[in-house]
1. Looking at segment 238-268, which of its residues are surrounded by fewer than 21 Cβ atoms within 10 Å (Cβ to Cβ) and in contact with a His (Cβ under 6 Å, 6 or more places away or on another chain)?
2. Does V39 qualify as being in a strand (DSSP E or B), of a type in the set (A, V, I, L, M) and open to solvent by less than 10 Å² (accessible area, probe 1.4 Å)?
3. Search segment 323-335 for residues being closer than 17 Å to L416 by Cα and in a helix (DSSP H, G or I), and hand back the single one that is most open to solvent (accessible area, probe 1.4 Å).
4. Would you pick out the residues in segment 14-60 that are polar (S, T, N, Q) and at pLDDT 90 or above?
5. Give S55, S13, S6 a once-over and let me know the one that is open to solvent by less than 60 Å² (accessible area, probe 1.4 Å), in a loop (DSSP other than H, G, I, E, B) and over 20 Å from S120 (Cα atoms).
6. How many residues does segment 292-322 contain that are in a strand (DSSP E or B) and of a type in the set (A, V, I, L, M, F, W, C)?
7. Working only within segment 207-262, note down all residues that are among the hydroxyl-bearing types (S, T, Y) and over 26 Å from N92 (Cβ atoms).
8. Name every residue in segment 23-35 that is in contact with a strand residue (DSSP E or B) (Cβ under 7 Å, 6 or more places away or on another chain) and open to solvent by 10 Å² or more (accessible area, probe 1.4 Å), in order of residue number.
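The values are calculated or read from the model by the stated rules, or taken from the named source; none is laboratory data. Given the structure is predicted, the values throughout are model-derived calculations rather than measurements. Reconstructed Cβ throughout: ideal geometry from the backbone, glycine too, with neighbour counts over all protein chains shown. SASA here: full protein model, heavy atoms, side chains in, ligands and nucleic acids out. Shrake-Rupley method; radii C 1.70, N 1.55, O 1.52, S 1.80 Å.
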Amino acid sequence: MSVFRSGVLVLTSPLSALSVRLAPILASAAKIVQDTLYVHLQPGLLLTGSSQPSSTCIPATNEVCKLISKLYSDADVHSNLDVRVLLTNIKNQSNSQQIFSSVQNLSHPPEVVLTDFQTSDGGQYNPAKQQLERYATNCYSCHPNLISILLYPDYEQADYCNPEELDSGGTLLQCHSDVVVGGTFDRLHSAHKILLSICGLLSDRRLLIGVADHELLDNKILKELIEPYEKRVNKLSQFLVDVKPSLIYNIVPISDPYGPSITDPDLKCIVVSEETRKGGLSVNRIRLENVNRSIPSWPYIIGLTGGSGSGKSSIAKRLEVLGAALIDCDKLGHQSYRPGGPAYQLVIDEFGSDILCPDGTIDRKAISSKVFGNKDQLKRLTDIVWPAIAALAKEAIEEAATKGMPVCVMDAAVLLEAGWDNMVHEIWTVIIPEKEAVVRIMNRDGVTEDSAKNRLSSQMSNNERVAASNVVLCTLWDPEITQIQKVKEKTKHSSPPTKRKCPSCKKEIGESWIKVLCRSCIADLVKEETTPATPATQQGELLSSFRKELANTFETFRSYLDKRPAAI
């Protein structure tokens, strides 16, 4: 029967012998410790000499990783034990690590120190036990009345190897300054501990952990049973600080599959499991795209585009309210035409002084009449104006960066046509059915149906925009109406929720106050059958809040491309 709540197990057997001895050693320890069992690997440690033994470094090799994995796996049969393998003395390739500079504090100070070291003297005053106590207290913060116990596990002595033999074979792990890993980390178990331990061994400065929350939990089976985010983070933090306190730990909530892994410029390594390997490859593709574009990681830039009447401007204003710096490229176009603007004199030189108003400003109607219906003339104009707008947009982005704005939204109807997609990290496209767009244009601008249709036909199609997008949005409904529904939902349904129907085909698709399209009608919007992929993501909590708010105010259709990221 267990008699101590916490303990530290000092393993002195050679690494080559420990693999077959772990199960009986843990079985013996489980009879003594009932809760937290710290494990300290110190192969070759002698407790019978006259001098006080001290802790030494173990190379962080593939073999050590396998041993740690087996230790956690073998501990699974002892459900009472919370096993934590201490990594303080396991050294990777970094030359910057400083260990053993002071006694390491543990969240559960050990009440007992155990070891697999064996001597022929089993007496109460065995010198090895006293050496073991001194060794443990020199390394870790222990209970004042620390008890020492020599384990004599039930394994054959034929397996015993020379305790002075240190298995130093195997490939030394490559270390990285900044490492990232993600997961739900619900009820921290052995598989989590193995993954986090490998991360700890690979990192020599900072470990960034993304913990699934909000939308990422929606598809989890029995998500109601998942521990609250705060509780998961507390357990995670305590474990990490215990096993390797020398690292900087950044634990952040993530509501999409990528989180900060695609935006943090300092990350050098992403650690994945077999089930998250595809996600890791996606992260690397996105990061590589951003590197190829030579876009600074700060601020994070969203390129917002959409056809005439799509409702793009309403989304842009909403994002501005949520905290983004809004860069209106249409306004920048006007600015470029002004006297002294970057396009002013070039346009006059190209199209003549008859486009000027009496006050010296460019008459936009006059220039429009010159290029309307003439592709060559239009190209001559855009070759002047688009680069000028891009230059002004870059200035606006730099200004936002100096103000500390984490996110910029570049609102540009011709984002893709002008080639400005190379200026942004993500492309968000707003689409609506063509019939709805025609009605909106007619009502807004007072033009005929044919005129509205001609305007749309001259623009890039929904198909083309969606094919280049990371996030697709739809504004079929007024934001105010959906916002009212959101308020009703927050007041715990003052009346019973109605059956949720697709506004297009009227098919019932569930219960909610929020209107959404069924999948077949989403496909109709882009005129092709498409399988939605996971959305490319955002910079930090602000981008996450954008996505969450848009889900309430506008219907957010998940990214249609899995072309995002990134090689770390």
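1. If the condition is that a residue be surrounded by fewer than 21 Cβ atoms within 10 Å (Cβ to Cβ) and in contact with a His (Cβ under 6 Å, 6 or more places away or on another chain), then K268 is the only one that fits.
2. yes
3. D330
4. Matches in segment 14-60: S28, Q34, T36, Q42.
5. Result: S55 is the single residue among S55, S13, S6 that is open to solvent by less than 60 Å² (accessible area, probe 1.4 Å), in a loop (DSSP other than H, G, I, E, B) and over 20 Å from S120 (Cα atoms).
6. Summing the residues that are in a strand (DSSP E or B) and of a type in the set (A, V, I, L, M, F, W, C) in segment 292-322 gives 3.
7. Once the filter is applied, which keeps residues that are among the hydroxyl-bearing types (S, T, Y) and over 26 Å from N92 (Cβ atoms), segment 207-262 yields Y229, S255, Y258.
8. I32, Q34, D35
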